[in-house]
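Have a look at the structure below before the remarks.
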Amino acid sequence: VQSLSAIDIALWDIKGKATGKPVYQLMGGAVRNQLTPYATGMYRRYTENEIIESTGEALSYAERGFKALKIKIGFGAEYDLKLVQSIRKTVGEEIQIMVDANHAYNAAAAISIGRELEQMNISWFEEPVPPEDLAGYQEVKSKLTVPISGGEAEFTRYGFQHLINNRCVDIVQPDCTITGGFSELSKIITLCSLANVQCFPHIWGSGIALAAGIQAAVSLPDFPPSLEPAPVYLEYDQTSNIFRKELAEGIPEMKNGTMSIPVKPGLGIDINEEIIRKYSV
């Protein structure tokens, strides 16, 4: 499915360039004129002062203007809670904090940790249990007030149908580089709309993946529709990755905590082919 995703994304890029339109125009148009990126990072370091170091990393993102941060947890309750508590105390209450456990826990452990996280004003708890454990998702969601998110490990509309119809998550996170490209993503968005469930794109990997996620986020409808809709949050990994930083040229820059939408046709980027040649095997 991931290989098909790459082909599908490339075809949408070709269509956009042929018609002179960004992909989001082909998907129905721009629903918003800016996005709110959140910094993903704070990975475990396994050093003597790892909590302090990760807290400093989080503070650096806040000082750069990020209004939201996503912290990697899933290393046991003691470490997870110390890290989140330290970062919350340092960056203050104005910065949104999300946590991502990458399905590290069973339902009982996730609920126990989630109850502590609720006291720290967490915006969402991502992948608390394995993606196959739909009953575990339901149990966690029913016992916590913090929104539960997930979906990066699902494939195609059929995988998401089970996640959405069983009311397993409050926030659906499809990754169009994994789940079938823009063509399949549009169908998943329809499922979210029918269920009135929030949808934010999951983004990971290269600059191409980031560009695709931006196009998807611009065209997402508001969930739920309202006069003052909530912002769409865009995942923006901040860890070192040459294929995110140097492969694609034309990614909009974040300014004052927001990112403007691209206007160039297709994915809105140009590929640095020298990087491809340099790292080809």
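The values are calculated or read from the model by the stated rules, or taken from the named source; none is laboratory data. Source: prediction; values computed, not measured. Cβ: placed from backbone, ideal geometry, glycine included. Neighbour counts: every protein chain shown. With ligands, DNA and RNA removed, areas are computed over all heavy atoms of the protein, side chains included. Shrake-Rupley method; radii C 1.70, N 1.55, O 1.52, S 1.80 Å.
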### Message
Compute the distance from the alpha-carbon center of the range 91-125 to that of the range 1-61, in whole Å.
### Response
22 Å
#### Entry: Centre separation in Å (Cα based) which lies between the range 254-279 and the range 185-219
17 Å
### Task
Please give the solvent-accessible surface of residue 27 in Å², to the nearest 10, using a probe radius of 1.4 Å with every protein chain present.
40 Å²
### Message
Quick check for me: using +1 on Lys/Arg Cβ and -1 on Asp/Glu Cβ, what's the dipole size of the chain about its Cα centre, in debye to the nearest 20?
### Response
540 debye
## Note on the structure
Put 186, 112 in order of accessible area, largest first, probe 1.4 Å, and you get 112, 186
## Note on the structure
Dividing the mean separation of Cα pairs under 8 Å (6+ apart) by the residue count of the range 219-281 yields a relative contact order in percent of 28 percent
### Long-range amide H partners of residue 148 with built H, under 5 Å
125, 170, 171
### Query
Which residue, chosen from 1, 137, 114, occupies the Cα position most advanced towards the positive end of the dipole of the chain, where the dipole is computed from +1 (Lys, Arg) and -1 (Asp, Glu) charges on Cβ about the Cα centre?
1
### Within straight-line cross-link reach of residue 264, aspartates and glutamates at Cα separation under 18 Å, skipping those fewer than 8 residues along the same chain
13, 249, 253
### Task
Under 4.7 Å Cβ to Cβ, no partner at all: give me those cysteines from the chain, in residue order.
168, 176
### Summary
With every protein chain in place, the accessible area of residue 133 for a 1.4 Å probe, in Å² rounded to the nearest 10, comes to 50 Å²
## Note on the structure
About its Cα centre, the range 1-97 carries a charge dipole, from +1 on Lys and Arg Cβ atoms and -1 on Asp and Glu Cβ atoms, whose size in debye to the nearest 20 is 440 debye
### Message
Only Cα pairs within less than 10 Å get springs; with that Gaussian network setup on the chain, which residue of 116, 57, 78 has the largest fluctuation?
### Response
78
## Note on the structure
Burial-style ranking of 209-220, 150-161, 44-55, 173-184, average other-beta-carbon count within 10 Å with highest first, yields 209-220, 173-184, 150-161, 44-55
### Task
Excluding residues on the same chain fewer than 8 positions from residue 141, give the aspartates and glutamates whose Cα lies under 20 Å from its Cα.
80, 100, 116, 118, 126, 127, 132, 133, 152, 154, 170
### Message
Treating only the Cβ of Lys, Arg, Asp and Glu as charged (+1, +1, -1, -1), what charge dipole size does the range 107-249 show about its Cα centre? Round to the nearest 20 debye.
### Response
240 debye
### Summary
Along the range 44-51, Karplus-curve 3J(HN,Hα) (6.51, -1.76, 1.60; θ = phi - 60°) to the nearest Hz, with x for Gly and Pro, reads 5, 9, 6, 10, 5, 10, 5, 5
### Query
What pairs from 67/255; 72/255; 67/89; 21/255 go past 19 Å between their alpha carbons?
72/255; 21/255
### Query
What is the antiparallel percent of DSSP beta bridges lying wholly in the chain, to the nearest 5?
20 percent
## Note on the structure
Residue by residue through the range 104-113, the couplings from Karplus 6.51 cos²θ - 1.76 cosθ + 1.60 with θ = phi - 60°, in Hz, x for Gly and Pro, are 7, 10, 8, 4, 4, 5, 5, 5, 4, 5
### Task
Give the ranking of 11, 163 by solvent-accessible surface, highest area first, calculated with a 1.4 Å probe.
11, 163
#### Entry: Angle in degrees between helix 181-195 and the longest Cα principal axis of the chain, rounded to the nearest 10
50 degrees
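Given contacts defined as C-alpha pairs under 8 Å and at least six residues apart, what's the relative contact order of the chain, whole-number percent?
Relative contact order comes out at 25 percent.
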